Amino acid sequence: MKRILCAVLALFLLLAAGCGEAVPEEINKETLKVGVICLAPRSQKNGDGVAFGKQAIAACKGAGLKTSQLIIKTDIPAANGAFAEEAVRDCIQRGCALIIGTAEGYAGTMKNLAAEYPTVTFLQMGAADETLQNYHTFRVRTYQGAYLCGVAAAVNSKKDRLGVVAGGTETAERKAQINAFALGARAVNPKATVAAVYTGAEQNETAERDAVLTLAKADCDTLLQLAYGGTVAAAAKELNMKVCSLYTVPADADDTVFFGVRTMLQNVFADRMRSTLHKEAAVYENTYLGYADKALQSFEGGNLGEVNLHEPIAATEKQFLSGFDVFSGRALTVSSGKCDGTAADVTDTDGNVRITADTPLGDAAVQSMDFYVSGVEVLSLVSAD
C-alpha cells in the first residue's frame, strides 16, 4: 500500500510541476521568449499594431535578444476577452516568459492569467494591481497627444467646430482625450468647439463611417480619430475632411491623415525584458509616461499645402518638455510659432469649475475623469441608411 501511495504521490507531483509553467525557472538570453498582444491588424500599415511590433523588435535588440525570440499577436480585440486569452495562452504554450499587453482593455484577461501562471511575467498597459507579484503595469498620457492634435486641427480647420470619432464607449480615458483635444484647439482658436461621436465598439467600420457622416452634418471639417483602422480616414476623404489621429500616423500616399501622435513604448518594452532576464527591478514600474518621457512622438503629413504645422506644434511640444500639462490649471495661447501660458480655470459643460487656475489635477483625478469641458458636445450616432 505504501508503495502504491508513494507512486501516486510522485505522479501527482510530476503532473503538478508541468501545470501552469511553460518556461524553465532558469531564464537566460538564449531561452527567453516574449509575447506582444496588439489590437490593430498588420494590414493597417501605419497603425499601432505594426508600430508596437516594430518597437518590440527594436526593444529586443536593445535588450540583447534575437527577434526570433519574439511572438507578436495582432488584430486581437480587447472587448472580447476570449480572443485575448487565446492569444496569451498560445504565447505561453510556445514558451513565452514575458507577455506584454499594449491596450488597457486587456487588463482583466491579463490579471486572470497572471494569477494562473505565476512563473510568467506580465506587463500590461493600465492601472496598477499590487496583489500579483508577476503583474506589472504602465500608463501613457495619451491625452497629451490629443492636445497636440487639437492644436493641429485648429490650425488646419477653416471652421470653429471640430469633430471626434471615439471608438468604443465612454471611459475616463476617452473623456480626458476629448477634453484635451478641445483645450488644445482653443489654444489656437478660442472659439473652437468640439462634437464627439462614440461608435460603441473598438473596431466597427459601419459605425465609424456613420460617425464621420454625423460629424460632417454637424459642420465639422477636421476630425480627431480615436479608433483603430483606416475606415475613418477613408470616409473623411470622401467628404473632403481632414483627420488627425492618436492611432494612425500619416501615410505617404494619402494626406487625409495630416497629423498624428504615436505612442512610443520601445524603452518600456526593453526595460521589462532586461528586468525579466536579470531578475532585477524595472525602471518603468507602475509609471505614467508622457512627452517628457519620450513616450509620445508626433508626425506630420507630407502634403499640408499652405498649412504650417511645424512651428505651432514645436512650440507646444517645448511647453510639454518644460513641465506643462493639459490639466494643470494653465491655458496656452499658440500663435505664429509662439506659445505662452497663463493661469486659467477650466469649467465643465454645466459651467462648474473643475480645474482651478494653477491647481493641477492629480493623476488619479485624470485617470477617473467624469466630465467634459465646456464647448464639448456628445452627439448621437446617426446611421447613413
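The values are calculated or read from the model by the stated rules, or taken from the named source; none is laboratory data. Keep in mind the model is a prediction, meaning the values are calculated, not measured. No Cβ is skipped: glycine too gets one built from the backbone with ideal geometry, and neighbour counts run over all protein chains shown.
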### Task
Scan T169, T214 and give me the residue that is farther than 16 Å from V307 by Cβ, β-branched (V, I, T) and part of a loop (DSSP other than H, G, I, E, B).
T169
### Summary
Those residues of segment 117-172 which are among the acidic types (D, E) and without any contact (Cβ under 8 Å) to a residue 12 or more places away in the chain amount to E130
### Task
Please report, ordered by residue number, the helices (runs of 4 or more DSSP H) entirely within segment 34-145 with at least 3 residues that are surrounded by fewer than 24 Cβ atoms within 10 Å (Cβ to Cβ) and on the phi > 0 side of the Ramachandran plot.
none
### Summary
Scanning segment 172-202 residue by residue, those within 19 Å of T231 (Cβ to Cβ) and not in a helix (DSSP H, G or I) turn out to be A195, A196, V197, Y198, T199, G200, A201, E202
### Summary
Flagged in segment 308-342 as touching a helix residue (DSSP H, G or I) at 6+ places or on another chain (Cβ under 7 Å), among the polar types (S, T, N, Q) and crowded, with 19+ Cβ neighbours inside 10 Å, in numbering order, are T316
### Answer from Y284, Y288 - the residue that is surrounded by fewer than 18 Cβ atoms within 10 Å (Cβ to Cβ), hydroxyl-bearing (S, T, Y) and either part of a helix (DSSP H, G or I) or assigned by TED's automatic domain parsing to the domain that holds I99 (or both)
Y288
### Task
Answer yes or no as to whether A211 is under 27 Å from S368 (Cα atoms), among the small types (G, A, S) and either surrounded by 20 or more Cβ atoms within 10 Å (Cβ to Cβ) or touching a residue at least 40 places away in the same chain (Cβ under 8 Å) (or both).
yes
### Query
Across segment 228-244, what is the total count of residues that are over 21 Å from L309 (Cβ atoms), crowded, with 17+ Cβ neighbours inside 10 Å and not small (G, A, S)?
2
### Message
One residue is enough: does segment 349-358 have a residue meeting the conditions crowded, with 17+ Cβ neighbours inside 10 Å, more than 23 Å from K294 (Cα to Cα) and in contact with an Asp or Glu (Cβ under 8 Å, 6 or more places away or on another chain)?
### Response
yes
### Query
If you go through segment 263-283 one residue at a time, do you hit one that is of a type in the set (F, W, Y) and either modelled with pLDDT of 90 or more or touching a helix residue (DSSP H, G or I) at 6+ places or on another chain (Cβ under 7 Å) (or both)?
yes
